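No value in this document is a laboratory result; all are computed from the given coordinates. As the structure is a computational prediction, the values presented were derived from the model and not from experiment. Glycine also receives a Cβ, built like all others from the backbone with ideal geometry; neighbour counts cover every protein chain displayed.
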Ligand SMILES: CC(C)(COP(=O)(O)OP(=O)(O)OC[C@H]1O[C@@H](n2cnc3c(N)ncnc32)[C@H](O)[C@@H]1OP(=O)(O)O)[C@@H](O)C(=O)NCCC(=O)NCCS
């Protein structure tokens, strides 16, 4: 038994195999990083005052697309929340930015926490100064999603400007509009696992309660909750 194990070990896991395996892995990693770096260099536009920090686990797929940062910095997968440290961890919850014929425009300082996904096809996504998007949130754009200044997205928020599939009656009439842009004003707080669906506008200072699904536009300074989201409080303020 001992002899057999020894034989197996030396055959498959000898020092030469281990060194070869590590080397192969290293070369593959460097090759992949170089590939990503080359495509990022082509796709990222920074003005003189701007910077970008990207956690190395971030996955990019940028086809004919641009990430533009103006007057600030974009952090991708680097920061994480004080109250939920460890729930989303950049080592296992990587950010993913997949864009085709699209633009991600960052104006000022914006942070995307670990596990944030931005997916855009033929679309424009704008995120403004002071906005933080917590782990596991998804922004899925087929047209136009604008997020104002100083907004806070809790974990697992979903903002999508499209249904993904068309609905029609048996007679073949179209039922849903399919794709309509979304605008989120300044200083909005979107609670954990809330969703904002197509064609909606959240005016300034809107609060969306945890788990709410926003299907209609919301007036400024309102708190909405439930499915579909309804105003439950008016003239409310939130602070960071
Ligand atoms: C938005 C929020 C802070 C509002 O809290 P609040 O002002 O104390 O609300 P209240 O507890 O007074 O609730 C008011 C009413 O709304 C209901 N309500 C509260 N939160 C709700 C929710 N998420 N979904 C549905 N209804 C909700 C309450 O049951 C209550 O109903 P009633 O008047 O029939 O009794 C809270 O609802 C919430 O979502 N907290 C979690 C926020 C979050 O995701 N934080 C992550 C850190 S970034």
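For the range 11-52, the average shadow cast by the Cα convex hull is 4.0 nm², which is a quarter of the hull's surface.
Against the compact-protein benchmark of 2.2 N^0.38 Å, the Cα-based radius of gyration of the range 106-180 scales to 1.30.
The calculated Kirkwood hydrodynamic radius for the range 6-152 is 16.7 Å, given to one decimal from all distinct C-alpha pairs.
Estimated from helices alone, the mean residue ellipticity of the chain at 222 nm is -5500 deg cm²/dmol (sum of -39500 (n - 2.57) over DSSP H runs with n ≥ 4, per residue).
Find the relative contact order for the chain and round it to a whole percent, using C-alpha pairs within less than 8 Å whose residues are 6+ positions apart. Could you put the intermediate results ahead of the total?
Values: 632 pairs, mean separation 23.8, N = 240.
It rounds to 10 percent for the chain.
When the gyration tensor of the range 34-93 is built from Cα positions, what are the square roots of 5 times its three eigenvalues, in whole Å, from largest to smallest?
Numbers: eigenvalues 111, 51, 13 Å².
The answer is 24, 16, 8 Å, longest axis first.
Centre-to-centre separation between the Cα atoms of the range 37-111 and those of the range 197-237: 28 Å.
Per residue, the Cα convex hull of the range 154-239 amounts to 88 Å³. Peptides 42-53, 109-120 ranked from most to least packed, by the mean per-residue count of other Cβ atoms within 10 Å: 109-120, 42-53. For the range 47-234, taking the reciprocal of the average inverse distance between every pair of different Cα atoms yields a Kirkwood hydrodynamic radius of 16.6 Å. The protection proxy used here, the mean number of other Cβ atoms lying within 10 Å of each residue, ranks peptides 139-151, 163-175 as follows, highest first: 139-151, 163-175.
Looking at the square roots a ≥ b ≥ c of the eigenvalues of the Cα gyration tensor of the range 80-132, which shape do they give, rounded for a/c under 1.5, prolate if a/b is larger than b/c, or oblate? Cα axes put the range 80-132 in the oblate bin. Axis of helix 2-12 versus longest Cα principal axis of the chain: the two differ by about 70°, to the nearest ten degrees. For the chain, the longest principal axis of the alpha carbon atoms and the long axis of helix 15-43 meet at an angle near 30°. Of the beta bridges in the range 47-234, as assigned by DSSP with both residues counted there, near 10 percent are antiparallel.
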